[in-house]
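The values are calculated or read from the model by the stated rules, or taken from the named source; none is laboratory data. Because the structure is a prediction, the values reported are computed rather than measured. We place every Cβ from the backbone using ideal geometry, glycine too, and count neighbours over all the protein chains shown.
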Amino acid sequence: MDELTSIIIVLADSGPLTRECVEHALASDRPVEVILVDNGSDDGVPEALDRAYVGDDRVRVVYNRANLGFGPAVNRGAVHARGKWLLVLNPDCLIDPDTITRMGAHIGPHTGIVGAVVQDASGQVDPASRRRDPLLGRAIATKLGRGGGIDIAGPLPAGAEPVEIVSGAILLMPRAAFETLGGFDETFFLHCEDMDLCRRARDMGYQVLLAGDVQVMHGKGGSSRHRPVFVSRHKHRSMFIWFRRHDPAATNPLVRAVVWLGIWAHFVLKIPGQLLRKKRR
């Protein structure tokens, strides 16, 4: 358990919690390096962290000088990684010293991805911690409040549990599995890239596991609050890409067209509320 873990954190005007995220990461009880990949931030945080850790070879800042998207940024960070394991971590997530050790304890020869239970400061668990593939039938069941939907009800496991999707806020992967999968699919600019990665991992015979005994605090949406419409547009675009690639229902041209119209109508209807909330902030 003394192998190096490379922690990849993507920044995009992610805010002051990023500093705390890095501090928590460096306090890990196992050897780590932190690779900060900046997607053209204007808040000065990447540069401040670069200066703060200039004498610490465990921290490296990679500047993209433009917003390349989440998945592409992780892939560029992985190029610089030296660790046997990769931990993809959101900049508003705070890990404990033993988080990586406890997640890593569940990695076996066929494990591709290990996720954790993501929760807010009040202890409320994010449903994205474990989900089923968002197939059309399941999405409809979720909207109607019926069982068999995307979200998985019931108590969390005491240990590791095979699931279809874990939250992309924190993902631990053997570097070999990440490279076999080709990293994140860069067609996804933002959102759904974690669902795509989990699906491709399972399709290649890897296990996707939820470490139900590991909880991680997630601040939620540091950069999305500044650009809600921008983020929402890419989220809806990614939803359709995932549907088109992975849902058997997408083979029907009529169904595909109806889903496309529904996704973009939903995007348009959400814009007024998003702009109003941004103005109030």
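Taking the stretch 91-111 on its own, how many of its residues are touching a Phe, Trp or Tyr at 6+ places or on another chain (Cβ under 9 Å) and outside any helix (DSSP H, G or I)?
Result for the stretch 91-111: 3.
Every residue in the stretch 124-137 that is over 18 Å from His246 (Cα atoms), in contact (Cβ under 8 Å) with a residue 60 or more places away in the chain and in a loop (DSSP other than H, G, I, E, B), please.
Listed by number, the list holds a single entry, Asp126.
Scan (1) without any contact (Cβ under 8 Å) to a residue 40 or more places away in the chain; (2) surrounded by fewer than 18 Cβ atoms within 10 Å (Cβ to Cβ) for the single condition Thr142 breaks and write down its number.
Of everything listed in (1) without any contact (Cβ under 8 Å) to a residue 40 or more places away in the chain; (2) surrounded by fewer than 18 Cβ atoms within 10 Å (Cβ to Cβ), Thr142 misses just condition (2).
Sort out which residues of the stretch 114-133 are of a type in the set (Ser, Thr, Tyr) and more than 10 Å from Gly212 (Cβ to Cβ), and write them in order of number.
Ser122 - this is the single residue of the stretch 114-133 that is of a type in the set (Ser, Thr, Tyr) and more than 10 Å from Gly212 (Cβ to Cβ).
Out of Asp213, Asp194, which single residue is acidic (Asp, Glu), more than 24 Å from Gly40 (Cβ to Cβ) and either out of contact with any Asp or Glu (no Cβ under 8 Å at 6 or more places or on another chain) or not assigned by TED's automatic domain parsing to the domain that holds Ala128 (or both)?
Going through Asp213, Asp194 in turn, the sole match is Asp213.
Scan the stretch 51-80 for residues that are basic (Lys, Arg), modelled with pLDDT of 95 or more and out of contact with any helix residue (DSSP H, G or I) (no Cβ under 7 Å at 6 or more places or on another chain) and jot them down.
Correct list: Arg51, Arg60, Arg76.
Among Ser14, Ser41, which is the only one that is among the small types (Gly, Ala, Ser), modelled with pLDDT under 95 and in contact with a Leu (Cβ under 8 Å, 6 or more places away or on another chain)?
Matching residue, one of Ser14, Ser41: Ser41.
All but one of (1) touching a residue at least 60 places away in the same chain (Cβ under 8 Å); (2) of a type outside the set (Val, Ile, Thr); (3) within 25 Å of Thr101 (Cβ to Cβ) hold for Pro155; state the number of the condition that does not hold.
Every listed condition holds for Pro155 apart from (1).
Under 8 Å between Cβ atoms, at least 6 apart or on separate chains: pull out the pairs that start in the stretch 243-267 with a residue that is aliphatic (A, V, I, L, M) and end on any residue that is not in a helix (DSSP H, G or I).
Final answer for the pair search is Ala249/Leu135.
Tell me, please, whether a residue that is exposed (fewer than 15 other Cβ atoms within 10 Å of the Cβ), assigned to a loop (DSSP other than H, G, I, E, B) and of a type in the set (Ser, Thr, Tyr) can be found in the stretch 20-39.
Looking through the stretch 20-39, none of the residues is exposed (fewer than 15 other Cβ atoms within 10 Å of the Cβ), assigned to a loop (DSSP other than H, G, I, E, B) and of a type in the set (Ser, Thr, Tyr).
Looking at this structure, is Ile140 hydrophobic (A, V, I, L, M, F, W, C), not in a helix (DSSP H, G or I) and not assigned by TED's automatic domain parsing to the domain that holds Arg256?
Here the answer is no, as Ile140 does not meet what is asked.
Of all the residues that make up the stretch 109-151, how many are in contact with a Leu (Cβ under 9 Å, 6 or more places away or on another chain) and not aliphatic (A, V, I, L, M)?
Summing the residues that are in contact with a Leu (Cβ under 9 Å, 6 or more places away or on another chain) and not aliphatic (A, V, I, L, M) in the stretch 109-151 gives 5.
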